[in-house]
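Just below is one structure, and these are the notes that go with it.
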Amino acid sequence: MSTPASAYAHAQAVYASHGVDTEAVLARLATIPLSLHCWQGDDVGGFETPDAELSGGGIQVTGNYPGKARTLAELRHDLDKVYSLLPGKHRLNLHACYADLGGKKVGRDQYDVTHFQSWIDWCKARGLGLDFNPTLFGHPLANDGATLSSRDEGIRRFWIDHSIACRKIGAEMGRQLGTATVTNVWIPDGSKDLPVDRKAPRERLEASLDAVFQEALDPRHHLDAVESKLFGIGSESYVVGSHEFYMGYAVKNRKLLCLDAGHFHPTESLADKISSVLQFVPEIILHVSRGVRWDSDHVVLLDDPTKAIMEELVRGDFLGRTHIGLDYFDASINRIAAWAIGARSALKALLLGLLEPTARLRAAEEAGDGTLRLLLLEEIKTLPFGLVWDEYLKRHDVPTGDAWLNEVKNYEKTVLSARA
Ligand code: RNT
Ligand code: ZN
């Protein structure tokens, strides 16, 4: 259903009465990229071997909805579909296990840019920036739950070499595409049951990271990030790379910190962390996700935690120091729809944040008028935000409402159903 032009004009007038210029907001929104995670398309498997699938690492994809991408070509085809459902220009977030090895067996420690040139070219043709991640899971040398913190020097060396290779690849991606690649290190290391020694693995992890980051890379092409976690499947009692560990590491070494919405106690607010963290680290990455009872990586929704994150980025003027990435994987529903629902929800939350009459709220707060502040926060919730969102989609030639569901259904009928 298309929105009559007068509907947007009405919304524009309502927001203007709150001191918000919707035209300026739509122009700003169009400049903010999401880094779309490649791994929703094939359940975090990658294509290093013909039957690659996620194993180990304590992250878990559930569901077996038909139509999963089986090859790089299929994944790219699916990505094109997803991008066509998103308003604005975005980025691609790639994991090293999506290397284009041309059927050859190559050790992860031997990866170089040639294995990713087809991705760089693909992104260049579409005007997409690239972000990157070494893959320290789904591999025999990660099976005993330790990589960069392993007691075994050979295992540590292998993952250090892989991570070094990935930084070099990331820097080349950033150079060729003319926009810095953020390479994010997340490791699954931890222990299912109570460890006696919590110290030595963390000391080894710090030493390994120092080795990984030894070579300085040009920040115009490349930025380093580290991602913490609270617990995982098989690492319930201890995670080497905890929040305190990486917060300390990032502050000490001027690295970016990656905050994943599923990686904290469920009652903690990720939104609340942003202003603290950005006081001490130069920039952050967000992994916008939705944990349900645990780090389950459900599809992102326009829910209160997501809205609070985006609100905070706007209120604190943090957008210029934040790289917004997505991190969820659901194989129980149409994967393309899952991808697009989550990304569209993140964009909606961002739009809502940008539409907030923050100046009025701030004035109430500064005047010590908590009553007015609360009243306004409630009133804002029923402003005609949906009309502005539809206008944004329309201007970017992206389907709204029913139309977009039809597109996904057509894609399922014509493309996905042919994948046995
Ligand atoms: C795992 C982390 C990590 C992964 C991706 C695939 O708990 O969130 O970011 O989801 O690297
Ligand atoms: Zn994450």
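The values are calculated or read from the model by the stated rules, or taken from the named source; none is laboratory data. In this text, all values refer to a predicted model and were calculated from it rather than measured experimentally. When we count neighbours, we look across all protein chains shown, and the Cβ atoms used for this are built from the backbone with ideal geometry, even at glycine. When the accessible area is computed, the model is the full protein with side chains, heavy atoms only, and any ligands, DNA or RNA have been set aside. Shrake-Rupley method; radii C 1.70, N 1.55, O 1.52, S 1.80 Å.
Using a probe of 1.4 angstrom and keeping all protein chains present, the accessible surface of the chain works out to 44 square angstrom per residue. For residue 369, no residue whose modelled amide H falls within less than 5 Å of its own remains once neighbours fewer than 5 places apart on the same chain are excluded.
The distance linking segment 70-113 with segment 253-273 is 26 Å (Cα centroid to Cα centroid, whole angstrom). Using alpha carbon centroids, what distance separates segment 289-342 and segment 1-61, in Å? For segment 289-342 versus segment 1-61, the Cα centre distance is 9 Å. With all protein chains in place and a 1.4 Å probe, the accessible surface of the chain carries 53 percent carbon and sulfur. Just name one of 363, 138, 101: the one whose Cα is farthest towards the positive end of the charge dipole of the chain (beta-carbon charges, Lys/Arg +1, Asp/Glu -1). About the Cα centre, the residue reaching furthest to the positive side is 101. Checked against a 22 Å cut-off, the cross-linked pairs 68/229; 81/104; 68/124; 192/252; 81/413; 89/273 give Cα-Cα distances beyond that limit for 68/229; 81/104; 68/124; 192/252; 89/273.
Overall shape: oblate for segment 182-274, with the ratio a/c of the largest to smallest alpha carbon gyration tensor axis at 1.5 or above and b/c at least equal to a/b. Using R0 = 41 Å, the C-beta based FRET efficiency linking residue 52 and residue 9 works out to 0.20. Once both labels are positioned 7 Å from their Cα atoms along Cα-to-Cβ, the gap between residue 382 and residue 403 label points is 3.0 nm. Largest accessible area first, the residues 247, 173 order themselves as 247, 173 under a 1.4 Å probe with ligands, DNA and RNA left out. Taken along the Cα-to-beta-carbon direction at a fixed 7 Å, the label points for residue 109 and residue 304 span 4.9 nm. For segment 352-358, 3J(HN,Hα) computed residue by residue from phi via the Karplus equation (6.51, -1.76, 1.60; θ = phi - 60°) reads 4, x, 5, 7, 5, x, 4 Hz, glycine and proline entered as x. Each of 208, 250, 160 was placed along the dipole of segment 142-255 (beta-carbon charges, centred on the mean Cα), and the one lying farthest toward the positive end is 250.
Proximity of backbone amide H atoms, modeled 1.01 Å from N, is registered between residue 37 and 93, 326 at under 5 Å, excluding neighbours fewer than 5 places apart on the same chain. Can you compute the FRET efficiency between residue 215 and residue 265 using 1/(1 + (r/R0)^6), with r the Cβ-Cβ distance and R0 = 41 Å? Round to the nearest 0.05. Approximately 0.70, to the nearest 0.05.
With the Cα gyration tensor of segment 276-375 giving a ≥ b ≥ c as the square roots of its eigenvalues, does the rule (a/c under 1.5 for rounded; else a/b larger than b/c for prolate; else oblate) give rounded, prolate or oblate? The shape class here is prolate. Projecting the Cα atoms of 334, 90, 225 onto the charge dipole of the chain, computed from C-beta unit charges around the Cα centre, puts 90 farthest toward the positive end.
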